[in-house]
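**Q** Below you will find the structure I want to go over with you.
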Amino acid sequence: MATMEELLDEVIKKALDEIKRNADQSFEEAKRIVDKTYNDVLQSYSNKVRDLITKTKEEIEGERAKLDVENKRLVASEKNYWIEKVYEGVKDKIDVLLGSENYKKGLEGVLSREAKNDVIIYCNSKDVDTVSSILNKLKIKAKLKEEKMLGGVKIEFPDQGLVKDFSLDLLLSQVFEAEKPKVAKILFGEE
Amino acid sequence: MEKTINVREYSNISSIRGTLMVIQGVTDAAYNELVQIELPNGEKRRGIVVDSYLGNAVVQVFEGTTGISPSSSTVKFLGRGLEVKISDEMLGRIFSPLGDPLDAGPPVISGEKRDINGSAINPAVREYPEEFIQTGISAIDGMNPLLRGQKLPIYSGSGLPGNILAAQIAKQATVLGEESNFAVVFGAIGIRYDEALFFRKFFEETGAINRVAMIMSLANEPPMTKILTPRTALTLAEYLAFEKEMHVLAILIDMTNYCEALREISASKEEIPGRGGYPGYMYTDLATIYERAGKVKGKKGSITQMPILTMPNDDMTHPIPDLTGYITEGQIVLDRALYNKGIYPPINVLMSLSRLGKDGIGEGKTREDHKDLQNQLFASYARAIDTRGLAAIIGEDSLSEVDKKYLLFGEAFERKFIMQGVNENRSVETTLDIGWDVLSILPESELTNIKTSYIKKYHPAYRGKK
């Protein structure tokens with residue numbers, strides 16, 4: 001009878017609808033899960049990429065800074081080399097000063113102020129005669145000894161165990177140290 | 001006018017005791033005059049006049065007196081005090097407290113010779129600190145902010161990561177809007193060799209080396225060298241700040257080593273000891289270091305100081321942290337309990353304080369809600385700590401709902417706000433946003449220290465909504 005078939009169709013239709021509904025729901029749920037997982041993974045990898053970029057940027061900055069500092073050190077070493085060359089040049093040309101009147105007056109000034117009887121005076125071989133004549137002029141009885149130095153004198157007071165240094169070596173090193181910035185400016189220009 | 005060079009050489013060494021040497025027949029030695037000792041083998045060592053009496057001068061030898069014979073060594077008094085050639089060339093390099101390069105580079109070429117003892121800033125020309133310095137560390141920027149010209153020490157403990165924190169601050173600190181004019185002078189006093197290596201590598205690898213000048217003395221060096229280290233560092237800081245108009249952060253680590261060296265020298269001079277065996281003048285001595293910080297009227301630059309000291313036995317009443325606290329403008333305290341929980345940096349915000357911080361935050365400086373947020377975080381965290389104590393007695397289940405929220409807040413505050421990575425540099429906005437995030441754990445009714453308008457604007461529940 002038709003009624004049985006209709007009933008069967010009805011039941012099958014209802015069952016199919018139910019299955020379709022469930023399938024749709026499952027599909028939606030699965031889609032939600034997939035979307036969520038996709039977003040989570042995307043977020044996680046985005047964070048990893050961001051961290052990697054930051055880390056790499058920092059590494060690059062670090063390398064750049066290291067190179068900058070190394071470069072600065074090398075440039076400074078090179079500058080120092082040429083400044084030392086100038087210093088050596090000045091030392092070689094100091095003989096020009098030794099013959100001048102001002103130098104002799106300077107020696108006389110130091111000896112008249114500091115030298116006493118029975119002291120030992122050290123000077124270089126070229127200044128022996130000059131120092132001798134100054135001591136005679138000042139009427140000071142002192143021993144004269146030669147020592148390797150650029151110029152000037154050292155005065156030893158044996159009773160006190162004291163040596164006073166008025167050598168050109170000391171003077172030149174102090175003055176050159178003070179004038180180093182000016183020398184650097186002349187050689188390498190304004191920084 | 002040029003200085004007269006007055007170099008005298010003596011050979012009458014009458015006695016040698018420890019690192020001290022007595023030279024007879026010296027009547028014109030100036031206190032703190034620099035001397036050079038020449039040994040028979042040509043070796044030269046340096047020292048300083050620490051005492052002068054009855055025609056004798058007492059010299060402290062920097063490199064120690066081992067191998068110095070009284071009969072064949074000579075002592076040259078150089079006629080000048082401790083002067084070091086200071087220059088902006090020192091940025092990116094490492095020097096000893098006497099100005100000798102330690103990084104295989106050449107000595108400083110241009111610059112000025114300065115007496116490292118410096119002089120106190122005229123109080124009448126001091127300016128009040130008001131500009132915020134961003135350290136990138138939430139526990140400092142958010143809760144105990146550092147201002148330009150302030151002196152804010154870090155109180156660390158044995159084994160706590162004070163070194164790592166110092167290095168991170170040196171790398172990250174900046175004045176907002178003036179990043180290019182910021183420099184760090186790092187004074188490392190009596191540190192171990194591995195610590196020296198750590199600092200050097202950290203600055204090189206993170207790119208901070210370019211703006212950092214290190215003045216360094218190692219643990220095995222004579223105590224006098226350690227005494228000179230912060231002085232040279234601050235002389236350089238003063239030059240960079242007031243001549244070159246830079247914003248300078250001077251980090252001195254570890255002031256405990258400095259005080260121990262002071263104690264050693266005082267004992268060797270047979271001075272009467274004060275509290276804890278430290279010299280009675282330690283307060284004044286520390287003040288001469290800490291007071292070399294600040295802003296000066298008419299000068300664009302400034303010196304901000306962050307001395308770091310290790311509290312012996314974590315005891316804040318020990319003379320070193322105690323006296324430091326009298327002079328400086330607050331303190332950042334590292335906590336062992338936080339460190340044991342794996343929190344870095346382990347800053348105890350309840351024990352820390354920045355006395356000037358309130359004047360450098362707020363609208364136009366950091367953000368309008370900074371003050372209120374800071375107060376609320378402090379109050380809520382204090383209550384969270386109290387609640388932990390209560391929970392330990394009555395049990396967590398017996399707590400009210402609000403109290404349970406405070407427990408959660410406390411944990412979140414420590415794990416999200418305080419805790420951050422060694423290389424994590426947080427902007428002040430990020431710090432404040434994280435503060436709001438952790439406060440959102442509490443009911444809104446508990447946020448009694450914050451204006452309603454700020455809650456409606458910055459609270460995560462309302463953020464971005466109109």
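The values are calculated or read from the model by the stated rules, or taken from the named source; none is laboratory data. Since we're looking at a predicted model, the values are computed, not measured. Here Cβ is always computed from backbone atoms with ideal geometry, including for glycine, and neighbour counts include all displayed protein chains. Heavy atoms of the whole protein, side chains included, go into the accessibility calculation; ligands, DNA and RNA do not. Shrake-Rupley method; radii C 1.70, N 1.55, O 1.52, S 1.80 Å.
**Q** Identify the single condition in (1) over 21 Å from B:GLY421 (Cβ atoms); (2) crowded, with 17+ Cβ neighbours inside 10 Å; (3) out of contact with any strand residue (DSSP E or B) (no Cβ under 7 Å at 6 or more places or on another chain) that B:THR324 does not satisfy, given that it satisfies every other one.
**A** (3)
**Q** Can you tell which of A:VAL69, A:VAL75, A:VAL49 is open to solvent by less than 100 Å² (accessible area, probe 1.4 Å) and in contact with a Lys or Arg (Cβ under 8 Å, 6 or more places away or on another chain)?
**A** A:VAL69
**Q** Give me a count of the residues in the range B:173-214 that are touching a residue at least 60 places away in the same chain (Cβ under 8 Å), among the charged types (D, E, K, R) and either within 14 Å of chain A (Cβ to nearest Cβ) or surrounded by 19 or more Cβ atoms within 10 Å (Cβ to Cβ) (or both).
**A** So the count comes out to 2.
**Q** Among the candidates B:ILE265, B:ILE253, single out the residue that is assigned by TED's automatic domain parsing to the domain that holds B:GLY118, at pLDDT below 95 and either surrounded by 23 or more Cβ atoms within 10 Å (Cβ to Cβ) or of a type in the set (Phe, Trp, Tyr) (or both).
**A** Unique residue meeting the criteria: B:ILE253.
**Q** While we're looking at this one, here's another question. Against the condition open to solvent by 10 Å² or more (accessible area, probe 1.4 Å), more than 14 Å from every other protein chain (Cβ to nearest Cβ), touching a residue at least 12 places away in the same chain (Cβ under 8 Å) and more than 23 Å from B:GLY298 (Cβ to Cβ), how does B:ASN117 come out, does it pass?
**A** yes
**Q** Continuing with the same structure: Regarding A:ASP118, is this residue open to solvent by less than 90 Å² (accessible area, probe 1.4 Å), farther than 30 Å from B:ASN210 by Cβ and out of contact with any strand residue (DSSP E or B) (no Cβ under 6 Å at 6 or more places or on another chain)?
**A** Here the answer is no, as A:ASP118 does not meet what is asked.
**Q** Give all pairs with beta carbons closer than 8 Å in which a residue from the range B:121-135 that is part of a helix (DSSP H, G or I) meets a residue that is open to solvent by 50 Å² or more (accessible area, probe 1.4 Å); count only pairs at least 6 apart in sequence or on separate chains.
**A** That search, which allows pairs on different chains as well, returns B:VAL125/B:LYS297; B:VAL125/B:GLY298.
**Q** Being of a type in the set (Ser, Thr, Tyr) and over 17 Å from B:ALA183 (Cβ atoms) is the filter; apply it to the range B:120-138 and report the residue that is most open to solvent (accessible area, probe 1.4 Å).
**A** In this case the residue turns out to be B:TYR128.
**Q** Now for a separate question. Could you check the range B:180-197 and list, in sequence order, the residues that are within 16 Å of B:LEU146 (Cα to Cα) and at pLDDT below 90?
**A** Correct list: B:PHE182 only.
**Q** Output yes when any residue across the range B:139-154 is within 14 Å of chain A (Cβ to nearest Cβ) and either buried (at least 21 other Cβ atoms within 10 Å of the Cβ) or modelled with pLDDT of 90 or more (or both), and no when none is.
**A** no
**Q** Could you pull out every one of the strands (runs of 3 or more DSSP E) wholly within the range B:1-88 that has 2 or more residues that are loosely packed, with under 14 Cβ neighbours inside 10 Å and more than 10 Å from every other protein chain (Cβ to nearest Cβ)?
**A** B:13-17, B:44-53
**Q** Also, I was wondering about something else. Just for the range B:363-410: of the residues that are acidic (Asp, Glu) and under 27 Å from B:LYS456 (Cβ atoms), which one is surrounded by the most Cβ atoms within 10 Å (Cβ to Cβ)?
**A** It comes out as B:ASP369.
**Q** Return yes when B:PRO106 is in a loop (DSSP other than H, G, I, E, B), at pLDDT 90 or above and farther than 18 Å from B:ALA250 by Cβ and no when it is not.
**A** In short, yes.
**Q** Applying the selection to the range B:90-103, what residues are within 10 Å of chain A (Cβ to nearest Cβ) and either at pLDDT below 90 or surrounded by fewer than 20 Cβ atoms within 10 Å (Cβ to Cβ) (or both)?
**A** B:PRO101, B:ASP103
**Q** Identify all residues within the range B:411-441 that are farther than 26 Å from B:TYR339 by Cβ and open to solvent by less than 40 Å² (accessible area, probe 1.4 Å); write none if there are none.
**A** Of everything in the range B:411-441, just one residue is farther than 26 Å from B:TYR339 by Cβ and open to solvent by less than 40 Å² (accessible area, probe 1.4 Å), namely B:TRP436.
**Q** Of the residues that sit in the range A:145-191 and are exposed (fewer than 15 other Cβ atoms within 10 Å of the Cβ) and in contact with a helix residue (DSSP H, G or I) (Cβ under 7 Å, 6 or more places away or on another chain), which one is nearest to the other protein chains (Cβ to nearest Cβ)?
**A** Ranking the qualifying residues of the range A:145-191, first place goes to A:LEU187.
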